[in-house]
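Notes follow the structure.
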Amino acid sequence: RLGAFYVQTHLQLAPCWIVETFVKSNNGCDITYDISSVLCFKHRLCLILAVLEKRLGLRFSTSDVYINVIGGLHLDEPAADIAIALAMISSITDKIVPDDLVAIGEIGLAGECRAVSSLEQRVREAERLGFSRVVVPYRNIEKRPIECSVKLMPVKSVYEVLMLLADEEKAKDTI
């Protein structure tokens, strides 16, 4: 689905959530983000938006951004950053994120994808739920490779996250 993405977060609460985003143009009338989200930490969302604008040149400042987590749960873990960023990139670029993809990882101010805790447990849960590909921070895999049947897609920065969507679009066009 466009602007929707699966995110692996707190395993004790829910094994997998769907994050949906909707980016609506406000015709450049306002340069501040209209973020009305109780489901995400507002500061975390502002950080992700700022990084996507600065590092990728995507224009969210002329849009209203809405985040919805299916099931009404609170999404308050930095490990959800890459999934939220992918959903927002998908929404603003009209590129569809594949249904078999899960993303785990934190995004820093420089656009780097930071390592997260319990990655192996999160990957195993995604594998158990039937996902075939998992986007993970390169720094996690660099330190400790994970043996699993899913395809791990390590990323170092938000630029590589954007390239994942572009590569998916190219692969879809050649079929």
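The values are calculated or read from the model by the stated rules, or taken from the named source; none is laboratory data. Keep in mind that what you see is a predicted model, and the values were worked out from it rather than measured. With ideal geometry, Cβ positions are generated from the backbone for all residues, glycine too; neighbour counts draw on all protein chains shown. Quick note on the areas: whole protein, heavy atoms, side chains included, nothing else; ligands and nucleic acids left out. Shrake-Rupley method; radii C 1.70, N 1.55, O 1.52, S 1.80 Å.
Tabulated data for the structure shown
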quantity	calculated
Of residues in the stretch 101-114 being crowded, with 16+ Cβ neighbours inside 10 Å and outside any strand (DSSP E or B), the one farthest from the chain's Cα centre (by Cα)	Gly111
In the stretch 48-87, the residues that are in a loop (DSSP other than H, G, I, E, B), charged (D, E, K, R) and without any contact (Cβ under 8 Å) to a residue 60 or more places away in the chain	Arg59, Asp76
Long-range neighbours under 8 Å by Cβ, at least six apart or interchain, first residue within 15 Å of Gly57 (Cα to Cα) and touching a residue at least 60 places away in the same chain (Cβ under 8 Å) within the stretch 146-166, second assigned to a loop (DSSP other than H, G, I, E, B) and open to solvent by less than 30 Å² (accessible area, probe 1.4 Å)	Ser157/Gly111; Val158/Gly111; Tyr159/Gly111
Selected residue (criterion: most open to solvent (accessible area, probe 1.4 Å)) from residues of the stretch 147-174 that are modelled with pLDDT under 90 and touching a strand residue (DSSP E or B) at 6+ places or on another chain (Cβ under 9 Å)	Lys172
Output for the stretch 100-125, where each listed residue is in contact (Cβ under 8 Å) with a residue 60 or more places away in the chain and in contact with a Phe, Trp or Tyr (Cβ under 8 Å, 6 or more places away or on another chain)	Leu101, Val102, Ala103, Gly111
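Residues checked against (1) part of a helix (DSSP H, G or I); (2) open to solvent by 50 Å² or more (accessible area, probe 1.4 Å); (3) β-branched (Val, Ile, Thr); (4) in contact with a helix residue (DSSP H, G or I) (Cβ under 7 Å, 6 or more places away or on another chain):
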{"position": "Ile89", "(1), (2), (3), (4)": "yes, no, yes, yes"}
{"position": "Pro98", "(1), (2), (3), (4)": "no, no, no, yes"}
{"position": "Val116", "(1), (2), (3), (4)": "no, no, yes, yes"}
{"position": "Glu120", "(1), (2), (3), (4)": "yes, yes, no, no"}
{"position": "Ala126", "(1), (2), (3), (4)": "yes, no, no, no"}
{"position": "Val136", "(1), (2), (3), (4)": "no, no, yes, yes"}
